[in-house]
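Visitor: Sharing a structure with you now.
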Amino acid sequence: MSQVYSVAVVVGSLRKESYNRKVARALSELAPSSLALKIIEIGDLPLYNEDVEAEAVPKAWERFRKEIRDSDAVLFVTPEYNRSVPGCLKNAIDVGSRPYGQSAWSGKPTAVVSVSPGAIGGFGANHAVRQSLVFLDMPCMQMPEAYIGGAASLFEDSGKLNDNTRPFLQAFVDKFASWVKLNRAV
Ligand SMILES: Cc1cc2nc3c(=O)[nH]c(=O)nc-3n(C[C@H](O)[C@H](O)[C@H](O)COP(=O)(O)O)c2cc1C
């Protein structure tokens, strides 16, 4: 049987009707059979604090770190807040990166998708996430870039992804599957 890689999908929005969560779900449906995508929740993670790390590690931090550690790859799907990363996502990145020397992210192949109702498609957030990925030692897929604007018109009223967007997301997730395979083989 051919290898199936587990992909932790980390969504930078806690909103119930989040466009980013919808795009994450669409990517999960479009993914080839070599990838199994699963959204890892971040809304319950207490704010990172080194004092807390030294005293009693919150269960939610432990749960999150294990889920990231147990995955083969990570896909970030995020909105842009004030031209940068939403606090909930930055907190999740920080929680996963500690204790010092035991980062759950290390070496995992990754990619970043940003989704916004605006025209710039969350470019600022996308690159702010990429900045952390360098230090986290995560090989990040360069192309295709995914700055998805006009989020309000991506889905039909039925919730179905529109026909204009599907080919792009398909190409993105297919290329990501190759990227994961290449980097897991190293
Ligand atoms: C605090 C805050 C800051 C925002 N800043 C930006 C921004 O810099 N650029 C942008 O394109 N949209 C910005 N937005 C709008 C978000 O893109 C929009 O709320 C989007 O729907 C959030 O993603 P979601 O649907 O996945 O929750 C901001 C929204 C909030 C709440």
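Visitor: Show me the ranking of peptides 119-129, 14-24 by mean Cβ neighbours inside 10 Å, starting with the highest.
Guide: Highest to lowest by the protection proxy: 119-129, 14-24.
Visitor: Follow-up. Under a crude label model (7 Å from the Cα following the beta-carbon direction), how far is ILE39 from VAL52 in nanometres?
Guide: 2.3 nm
Visitor: Out of the DSSP beta bridges found with both residues in region 42-186, what percent are antiparallel (nearest 5)?
Guide: The answer is about 20 percent antiparallel.
Visitor: Once the dipole of the chain is set up with Lys and Arg at +1 and Asp and Glu at -1 on Cβ about the Cα centre, which of TYR48, PRO58, VAL23 lies farthest towards its positive end?
Guide: VAL23
Visitor: So, one more: Could you check the spin-label model distance between VAL134 and ARG98? Points 7 Å from the Cα along Cα→Cβ, value in nm.
Guide: Spacing of the two 7 Å Cα→Cβ label points: 2.3 nm.
Visitor: Now for a separate question. Determine the shape class of region 31-115: with a ≥ b ≥ c the square roots of the Cα gyration tensor eigenvalues, call it rounded for a/c under 1.5, and otherwise prolate if a/b is greater than b/c, oblate otherwise.
Guide: Oblate shape, in that a/c is at least 1.5 and b/c is the bigger or equal ratio.
Visitor: Going by the alpha-carbon gyration tensor, a ≥ b ≥ c the square roots of its eigenvalues, is region 1-70 rounded (a/c under 1.5) or, if a/c is not under 1.5, prolate (a/b greater than b/c) versus oblate?
Guide: Verdict is oblate for region 1-70.
Visitor: Given contacts defined as C-alpha pairs under 8 Å and at least six residues apart, what's the relative contact order of the chain, whole-number percent?
Guide: Relative contact order for the chain comes out at 24 percent.
Read the figures in this text as sums done on the coordinates, not as results from a lab. These numbers come from a predicted model, not from an experiment. Quick reminder, even Gly has a Cβ in these numbers, built from the backbone with ideal geometry, and neighbours come from all protein chains shown.
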